[in-house]
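Computed from the coordinates by the stated procedures, all read-outs in this text should not be read as laboratory data. Owing to the predicted nature of the structure, the values given are computational and were not obtained by experimental measurement. With ideal geometry, Cβ positions are generated from the backbone for all residues, glycine too; neighbour counts draw on all protein chains shown.
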Amino acid sequence: MYLSDYFTQVFKLTLEYSKIEDIRSMHEAHMVTITESAQEYLQELLKKQNVEGIAVRIFILDAGTPRAETCISFCRPGEEKKDDEVNEYESFKAFIDKPSIPFLEDAVVDFAKDSMGGQLTIKAPNSRLPKISEDSSLEERINYVLYNEVNPGLAAHGGMVTLEEIYEESVAILRFGGGCQGCGMVDVTLKDGVEKTLLEQVPQLTAVRDVTDHSNRENAYY
């Protein structure tokens with residue numbers, strides 16, 4: 001074997017190893033941490049179900065919004081989704097909902113014993129932080145702008161705005177809360193602030209509508 005051929009093979013092996021490490025790092029970054037105490041607790045719960053092959057499934061409802069809720073449920077064989085990520089533990093499997101993966105970064109499932117027996121907790125610090133990519137839906141893009149650009153300004157007056165729904169695929173239906181609900185300046189805030197920002201940042205939108213009941217002025221800023 002020529003020396004050049006040897007170095008070529010070494011380079012290829014190094015490159016393949018690097019690719020494997022990159023994939024492993026990406027997987028570890030997305031992996032939900034289930035502590036040993038939580039694993040033991042879940043193992044006992046799964047045994048009590050008396051269903052062969054039963055696992056758990058972790059997902060987030062309304063991920064990337066203020067309403068985000070991280071959930072863990074029993075997952076009987078066949079109930080998992082084809083694109084779920086699978087994490088193998090010593091005594092069970094955990095299926096991770098693919099759309100939830102970016103929001104589950106740094107998530108920890110733990111079990112803390114107490115005088116009442118104990119409690120299973122799920123902490124997902126990034127569950128409410130909007131993240132967008134080329135594949136992000138219109139709803140995700142709107143929430144990203146509201147969370148990062150609009151609500152920080154409204155928070156100075158104790159207000160906030162959330163996306164209620166998307167009407168006819170291009171109209172954002174919003175609801176104001178806190179100091180913005182019933183505020184005499186809400187029309188200005190909507191037209192010159194929120195609507196302008198959303199239409200500039202999310203070109204797929206054609207209009208923005210407010211469905212807030214502004215007759216309730218209990219917490220109004222103005």
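Some points to look at:
- Lys, Arg +1 and Asp, Glu -1 on Cβ, resulting dipole of the stretch 31-123 about Cα centre, debye, nearest 20: 260
- The Rg/Rh ratio for the stretch 31-123 is 0.96, where Rg is the radius of gyration of the alpha carbons and Rh is the Kirkwood radius.
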